[in-house]
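To start, the structure under review is shown below, and the notes come after it.
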Amino acid sequence: MNVPFDFMSNPQKQFNRQIFLKTYVENKPSKIYTQVTENLLVIVLHGKKHLIYRDYETTVKEGEFALFRKGNYIMNQILSDEKYESLLIFLGDEMLKSISRPSLSSSKEEIPFFKGNTIPYMANEVNSIQQLMVDYDQYEEIIHLKIMELLIYIQKTDQTGAFENFLHSLSMECDFRQNILQNYTYLQNIQEMADAVHMSVSSYKRKFQKTFGCTPHFWANEQKLSKAALLLDTSNYSITDICFICGFSSLSTFHAQFRKKYGISPGIYRKNR
């Protein structure tokens with residue numbers, strides 16, 4: 001599980017790789033360009049958070065919460081009484097899938113967030129979680145249960161079905177992502193990739209761009225190059241072996257793409273390790 005924010009170099013707690021917690025405080029207005037690589041529940045306690053995601057914009061005010069899907073965001077923290085404060089809860093895919101139910105009617109439009117009001121019950125729960133965070137080891141299980149309780153409470157009290165549809169779309173996206181991660185090394189071209197998830201090539205390209213933020217070709221190439229760099233660092237395989245283990249069609253292609261990404265040849269990269 002990746003905590004994506006540069007300003008969160010020391011997340012306050014990780015629970016069994018499905019939850020990260022952080023109380024985030026700013027004493028001056030700030031603007032951040034960031035890739036949210038995990039599902040993120042933001043509960044604003046002071047000030048406002050303004051977000052831009054593709055063509056969507058929203059402001060989460062004090063007394064509101066929002067659950068955000070993974071993606072690239074522009075975030076502005078706006079102060080109230082010289083302070084911005086929020087509780088950030090990063091949620092693993094499996095945790096959200098565990099409470100998601102089959103959706104009766106889902107929109108084809110994948111909105112990037114679900115927003116609601118933090119009613120007194122939720123505010124009390126958030127306050128309780130923050131108090132328990134003082135001693136993580138002792139209260140880890142209780143905090144985990146309280147976060148699950150928050151999510152289920154949102155699910156049960158939303159009469160519109162929007163939250164359930166949002167969870168369902170996240171679950172579908174998670175299944176798509178996992179299928180790609182498990183099978184990309186075995187698939188030779190984009191037609192095979194699309195067939196593996198029972199989609200047309202055009203639909204697959206659109207879904208892939210939304211899920212990973214880049215084209216299938218670019219993403220697959222980055223995965224192969226990262227794997228090659230890891231093998232150069234940690235294994236005794238020859239460079240030719242690494243080339244074909246990682247799925248490159250020829251040694252010349254491997255050398256050219258590796259040099260383009262890392263600025264040096266695979267051989268020099270290995271010597272410098």
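Summary of computed values
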item	result
Among (1) exposed (fewer than 12 other Cβ atoms within 10 Å of the Cβ); (2) assigned to a helix (DSSP H, G or I) - the single one Ser171 does not satisfy	(1)
Check on Leu67, in the same structural domain as Ser100 (by TED's automatic domain parsing) and free of Cβ contacts under 8 Å to residues at least 60 places away in the same chain	no
Output for the stretch 27-50, where each listed residue is modelled with pLDDT under 90 and assigned to a strand (DSSP E or B)	Ser30, Lys31, Ile32, Tyr33, Thr34, Gln35, Val36, Asn39
Filter pass, Glu173 being within 17 Å of Glu38 (Cβ to Cβ), charged (D, E, K, R) and in contact (Cβ under 8 Å) with a residue 60 or more places away in the chain	yes
Single residue of the stretch 186-213 satisfying the filter (at pLDDT below 80 and of a type in the set (Gly, Ala, Ser)) that is nearest to Pro112 (Cα to Cα)	Gly213
One residue from Gly263, Gly247, Gly213 being in contact with a Lys or Arg (Cβ under 7 Å, 6 or more places away or on another chain) and not assigned by TED's automatic domain parsing to the domain that holds Gln35	Gly247
Selected residue (only one of Ala229, Ala194 is within 26 Å of Gln257 (Cα to Cα), buried (at least 18 other Cβ atoms within 10 Å of the Cβ) and in contact (Cβ under 8 Å) with a residue 24 or more places away in the chain)	Ala229
Residues of the stretch 21-38 satisfying the condition of being under 30 Å from Glu140 (Cα atoms), polar (S, T, N, Q) and surrounded by 13 or more Cβ atoms within 10 Å (Cβ to Cβ)	Thr23, Thr34, Thr37
Hits in the stretch 174-191 (condition: of a type in the set (A, V, I, L, M, F, W, C) and surrounded by 14 or more Cβ atoms within 10 Å (Cβ to Cβ))	Cys174, Phe176, Ile180, Leu187, Ile190
Qualifying positions in the stretch 156-185 - among the hydrophobic types (A, V, I, L, M, F, W, C) and either out of contact with any strand residue (DSSP E or B) (no Cβ under 7 Å at 6 or more places or on another chain) or modelled with pLDDT under 85 (or both)	Leu167, Leu170, Met172, Cys174, Phe176, Ile180, Leu181
Tyr153 being at pLDDT 90 or above, under 19 Å from Met95 (Cβ atoms) and of a type in the set (Phe, Trp, Tyr)	yes
Every residue from the stretch 44-89 that is among the aromatic types (Phe, Trp, Tyr) and farther than 27 Å from Glu140 by Cβ	Tyr53, Tyr56, Tyr73, Tyr84
Boolean, Tyr153 is of a type outside the set (A, V, I, L, M, F, W, C) and either assigned to a loop (DSSP other than H, G, I, E, B) or assigned by TED's automatic domain parsing to the domain that holds Asn72 (or both)	yes
When residues of the stretch 190-219 are limited to those that are small (Gly, Ala, Ser) and either outside any helix (DSSP H, G or I) or under 20 Å from Ser265 (Cα atoms) (or both), the one farthest from the chain's Cα centre (by Cα)	Ser200
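The values are calculated or read from the model by the stated rules, or taken from the named source; none is laboratory data. Owing to the predicted nature of the structure, the values given are computational and were not obtained by experimental measurement. Cβ sites come from the backbone with ideal geometry, for glycine too, and all protein chains shown count toward neighbours.
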